[in-house]
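Here the structure comes first, spelled out in structure tokens, and everything after it is commentary.
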Amino acid sequence: MAKTIYDKIIDKGKEDAKVILADGLKKLEQLKLEKIEEAKNKQKDELKKQETLNQSKKQAALINARREAKKEEIKLKQALLKETVSDAVAKLDNLKQNELFDFVLKLVKEDNLSGKEVIYVNKKDYSKYLATFSSKKEGDLVELDKLNNALGKKYELKLSNKAMNLDGGFYIVSEKYDINHSYSALVDNFLAKLEADLNKILFSEVK
């Protein structure tokens, strides 16, 4: 029996469906392969990230270890330098007159004083400072003429006979400010500068 138009349409639909199904299966297989490849690539990326992270952690641990070692080294240097500075300061007590004169002159020049200040020392050092920096006799406020002449015309510094509680060195007093040149202050100032320099070394050298 001859096929009707309806049968032909049905047959054509079946053929088209087979083609569509076959094409769909191909696309599905291709998609599956792409997903598998994508999963593999993702896994590789994750492994690389983990490897990079582990490497970063290792690098960070290495830097931290170096920094800790540098800290210990600096701590040791600080202790040794503090001891050295303390020993050097202790030797200031034994300076000869000309050495003491040069030492005080250098510090006072750096202070950029007005010239009207009064200098205080401890009881033990008063006679030494008076003889070193003045040709005058002892008094309440004695002109430090030797020191003033070395500093220049504007200077009229005086030495007070009122003893100040210092471990050594001297203390400058004016109406507007005081300057502490005691031995302990000299050590503290030096070590503060040293600590700043050491911190720069710590954070610049450790890489």
**Those residues of region 95-130 which are assigned to a helix (DSSP H, G or I), of a type in the set (A, V, I, L, M, F, W, C) and without any contact (Cβ under 8 Å) to a residue 60 or more places away in the chain, in sequence order** = Leu100, Phe101, Phe103, Leu105, Leu130
**Prompt:** Is there any pair linking a residue in region 176-190 that is at pLDDT below 90 to one that is part of a helix (DSSP H, G or I) and among the β-branched types (Val, Ile, Thr), with Cβ under 6 Å and at least six apart or on different chains, and which?
**Reply:** Tyr183/Val89; Val187/Val85; Val187/Val89; Phe190/Val85
**Request:** Go through the residues of region 107-114 one by one and say whether even a single one is under 24 Å from Glu83 (Cβ atoms) and surrounded by 13 or more Cβ atoms within 10 Å (Cβ to Cβ).
**Result:** yes
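Matching residues to (1) in contact with a Ser or Thr (Cβ under 8 Å, 6 or more places away or on another chain); (2) part of a loop (DSSP other than H, G, I, E, B); (3) within 30 Å of Ala196 (Cα to Cα):
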{"site": "Glu68", "(1), (2), (3)": "no, no, yes"}
{"site": "Asp93", "(1), (2), (3)": "no, no, yes"}
{"site": "Lys153", "(1), (2), (3)": "no, yes, no"}
{"site": "Asn165", "(1), (2), (3)": "no, yes, yes"}
{"site": "Tyr171", "(1), (2), (3)": "yes, no, yes"}
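Condition check ((1) more than 35 Å from the chain's Cα centre (by Cα); (2) at positive phi) across all residues:
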{"site": "Leu105", "(1), (2)": "no, no"}
{"site": "Val118", "(1), (2)": "yes, no"}
{"site": "Tyr126", "(1), (2)": "yes, no"}
{"site": "Lys137", "(1), (2)": "yes, no"}
{"site": "Leu144", "(1), (2)": "yes, no"}
{"site": "Gly152", "(1), (2)": "yes, yes"}
{"site": "Leu166", "(1), (2)": "no, no"}
{"site": "Tyr171", "(1), (2)": "no, no"}
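The values are calculated or read from the model by the stated rules, or taken from the named source; none is laboratory data. Treat the numbers as computed from the prediction; the structure is a model and nothing was measured. Note that we place each Cβ from the backbone using ideal geometry, even for glycine, and neighbour counts take in every protein chain shown.
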